[in-house]
1. Taking the stretch 237-274 as the search range and keeping residues that are under 10 Å from Ser402 (Cα atoms) and aliphatic (A, V, I, L, M), which one is modelled with the lowest pLDDT?
2. Give me a count of the residues in the stretch 45-86 that are in a helix (DSSP H, G or I) and in contact (Cβ under 8 Å) with a residue 60 or more places away in the chain.
3. For residues that are in contact with a Pro (Cβ under 8 Å, 6 or more places away or on another chain) and in a strand (DSSP E or B), scanning just the stretch 283-316, find the one that is modelled with the highest pLDDT.
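The values are calculated or read from the model by the stated rules, or taken from the named source; none is laboratory data. It should be emphasised that the depicted structure is a prediction, and the values quoted were computed from it without experimental measurement. Cβ coordinates were reconstructed from backbone atoms using ideal geometry, including for glycine residues, and neighbour counts include every protein chain displayed.
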Amino acid sequence: MDKLKTFISYAHEDKEFADELSAFLDKSDVTVFIDHQFKVNDPIPETIRENVHKSDFCIWILTKNSLKSKWCPYEVGAFWGSEKPVIIYNPSKKPLLSGPLFDRVHAEGKEDLLGAIKEIRNKLNPSNRSFGSLSVQQARKIFREEIGELDIKIESFQSTFEKVKNLVEEQNVYLEGHVKILGKITEILKNRPEKIRSAFDVPSFGSLSAEAEYIKCRTAFSNFCETAPTWDMQIMLLPADIGAKITKLEYPLLEKREKAWHQDLEALKRFDRYRRIAEERNSNFEICWLGVERDKKGVSLGVHSMPLNLWVFDGKEAVFSTVIDNYRPILQKEKSQAIAAVADEKTILLPELPKENVKPRLKEIGFYTSDRDMVRFLEEIFNKYKENIDENMTLANQITASEIEWNRIKRSRLRVKTNNRNDK
């Protein structure tokens, strides 16, 4: 870096000593400003202010004379007020000073003085400071001194630019389908977040549409709960009877519906295990269910869905998703079958449709974000969900309800198989 610049503050009675020190510093690669360099007609206060501005630090020669000086307190105070270093040089080694400057850097000999100057040089050297605190000029110095001449071709920095570009893009990532959504959740879990807030429609979210990735995510959750020292997790779901209606719409075939319910039931039992682990490890696990509109008999009105599935980690990053309809036209026969599946709770099996007509009409799309405002927005949605929970629902009664539904579907499948054999 450039030569350090210092201003020597001293009493005129000590001029000979100050000149000797000035010559010593000049040989030590330090530029010295001293009052006898002032021009005769220069206004002293303005000249001192200018020297304070130009200097990196001040050396105050502490003597009985300088303590009585009219100008020394003004000069030293100007450096102190501008938060620039002040070295108190006390060659007599006598305790002459107390008060607000007592905690400044003290030097009692030339070796001490050079050591103090070296510390100041290190602190002021731009290459030793964090990049975020540098001015444009200081950053330019780093490139000149540390990297080399400015004629380095821009291509040599291409890989760095790519890394920065990728880092910025990773702050917000579009996630198409359950595979990408579950994959991102699995990735975050491996970083051991301490606080998780999640809300999703069915316990085994994505288990059939992205089975392999679901297994990875399920395993990551279990590993997290079983090995992390402490954690704080809250899960919100839709009630089991709503899940039954959603499953009927998504999976007209009993075989898939049975598999979906088995996965839901296993997920609920897994959550119950997380609850027990939390109790043992002084961690927190809460699970609750979103309240829905019901008639006087307690039957839900219509098919509800979770407006937004979301997972928020440590209040710093989040994944969220929702289902959209791709508006594929459906046959009248297929439409009437879907309506019957919802309206008639006793429907046993919908006739199998030709393969060209069983393409999924729904598509899950999601997003990952670490944007602070977006994450806070999703946390507020989760808190709004919590204002509408059904206090009467517990993990135990939801496991029971899921077992009943799963057994009902199994019995239905068995009857259908029996009927098909009899028809033959």
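1. Ranking the qualifying residues of the stretch 237-274, first place goes to Ala244.
2. Residues of the stretch 45-86 that are in a helix (DSSP H, G or I), as a first pass: 45-54, 64-68, 72-81.
Subset that is in contact (Cβ under 8 Å) with a residue 60 or more places away in the chain: 72, 75-76, 79.
Matching residues across the stretch 45-86 total 4.
3. Checked the stretch 283-316; the qualifying residue modelled with the highest pLDDT is Phe313.
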